[in-house]
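Asker: Sharing a structure below in structure tokens format, with a few things to ask.
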Amino acid sequence: MSDTFQGLKQAALAAWGPLERRAGRAYFAGPKVADALSVSQGFWDAGMGVVICFWNGEGASPRTVANRCLTALEAFAEAEGDHYLAIKAPSLGFSRELVGEIVASAARGSVRVHFDAQRPEAVERTRKLAESVMGSGATIGFTLPGRFARSARDAAWAARRGLPVRVVKGQVPDPAAPGLDPRAGFLAVVDALAGKARHVGVASHDATLVREALERLVSNGTPCELELLLGLPFGPALREARTFGVPARIYVPFGEARLPYHITEARRNPRVFAWLARDLWRAETGKREKMPGWTSAPA
Ligand SMILES: Cc1cc2nc3c(=O)[nH]c(=O)nc-3n(C[C@H](O)[C@H](O)[C@H](O)COP(=O)(O)OP(=O)(O)OC[C@H]3O[C@@H](n4cnc5c(N)ncnc54)[C@H](O)[C@@H]3O)c2cc1C
């Protein structure tokens, strides 16, 4: 690689942090829990549920993250719209004590506490942490990425333990299975859950994949819903959910803005540049992804 190219690459990576924070505003409600509440109200009015999650900046202490989760639970309890709380075990320092506090507070309002998926090496500790708070009064949920080699096995565990599961492609590849196709992995996890899981959240904006997953779940009566991320395009996936008469839920992060893609993906997917330009424009103008008309009744 030439020195010029290396220099350009390093400059682009150095500029990425501030750009990411700016453009990432299109994908989060705002810095405060009140922002998440006000965005959520729009989805409740449209007949959907929400997932709330505090996205912390680098260096936030686990105590601070836990406090923001507790504040969110209190504020959302008053609003009474359909919601659950998503947490990230590494941001909470994998602390049984802090997660226990969150679960105790969630239990008082009968709210689910759901573990987001992080890096593959975090799965084992997250699973142990989840096990340690089961039976504390709140429903515990778990996320399984199709990209992780172990997810089909984890699906059997989740079904056995009666956990609601969110299935995602996964943002991070698994070194144990670098060639695993995220779509094929996603459907393998869905197959492992179909007919066995308590509830499955199909979390994808890939409409073809959503259709295939819902077909497999609905055909054998597995309770399921579509989960979408604030800021990504809703329309095509929502239409699939509507066709199957399946409800929808939107993931509404608040706290620190971040993007659901990285500049290093641009070589594989040049559309990243177009998304970045649009997201910077949206962040500047405060415009959001349009909400298509929604009813969960079958078409
Ligand atoms: C509710 C929810 C929760 C999630 N939770 C987790 C989690 O806990 N852990 C985890 O690792 N991952 C999580 N993810 C992210 C997930 O792993 C994928 O990285 C992400 O959803 C992208 O994959 P996809 O299947 O939605 O669609 P893709 O195949 O990436 O995209 C579907 C369509 O949307 C378009 N598109 C994609 N991105 C953009 C964009 N920025 N702007 C415009 N169009 C775009 C694509 O061109 C394509 O047409 C979650 C996703 C959702 C929806």
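Each reported figure results from applying straightforward, stated rules to the coordinates on display, with no laboratory input. Values in this document were obtained by computation on a predicted structure and should not be read as measured data. Glycine gets a Cβ as well: all are built from the backbone with ideal geometry, and neighbour counts include every protein chain shown.
Asker: Taking the Cβ of S95 as the center, what net charge do the other residues with Cβ under 14 Å away carry, scoring Lys and Arg +1 and Asp and Glu -1?
Answerer: Charge balance in the 14 Å sphere: +3.
Asker: Let me know the shape class of region 155-257, please: from the alpha-carbon gyration tensor, a ≥ b ≥ c as square roots of the eigenvalues, rounded when a/c is under 1.5, otherwise prolate if a/b is greater than b/c, or oblate.
Answerer: On the way: a/c = 1.38, a/b = 1.05, b/c = 1.32.
Verdict is rounded for region 155-257.
Asker: For a test of understanding, tell me how many lysine pairs in the chain have Cα atoms under 21 Å apart, given they are 8 or more places apart or on different chains. Don't jump to the answer; show the numbers that get you there.
Answerer: Values: K32/K88; K32/K287; K88/K128; K88/K169; K169/K196.
For the chain, qualifying lysine pairs total 5.
Asker: With +1 on each Lys and Arg Cβ and -1 on each Asp and Glu Cβ, and nothing else charged, work out how big the dipole of the chain is about its Cα centre, in Debye to the nearest 20.
Answerer: The dipole of the chain has a size of about 340 debye.
Asker: Local charge sum around A184 (other residues, Cβ-Cβ under 14 Å, Lys/Arg +1, Asp/Glu -1)?
Answerer: On the way: positive: R147, K169, R183, R216; negative: D174, D181, D191, D206, E212.
Spelling it out: positives minus negatives among the neighbours equals -1.
Asker: For a quick check: with amide H placed at 1.01 Å from N, whose amide H comes under 5 Å from H199's, ignoring anything fewer than 5 positions away on the same chain?
Answerer: Close amide H contacts, sequence-distant or interchain: V165.
Asker: Could you tell me the ratio Rg/Rh of the chain? Both radii from Cα atoms, Rh via Kirkwood.
Answerer: Here Rg/Rh amounts to 0.95.
Asker: Ranked highest first by average number of other Cβ atoms within 10 Å, how do 189-196, 104-111 line up?
Answerer: So the peptides 189-196, 104-111, ranked by packing, come out 189-196, 104-111.
Asker: Whole Å is fine, so just give me how far the alpha carbon centre of region 134-210 lies from that of region 39-59.
Answerer: Their Cα centres are 21 Å away from one another.
Asker: Which one, A277, F76, S61, projects farthest toward the positive side of the charge dipole computed for the chain from Cβ point charges (K/R +1, D/E -1)?
Answerer: The residue sitting farthest along the positive end of the dipole is A277.
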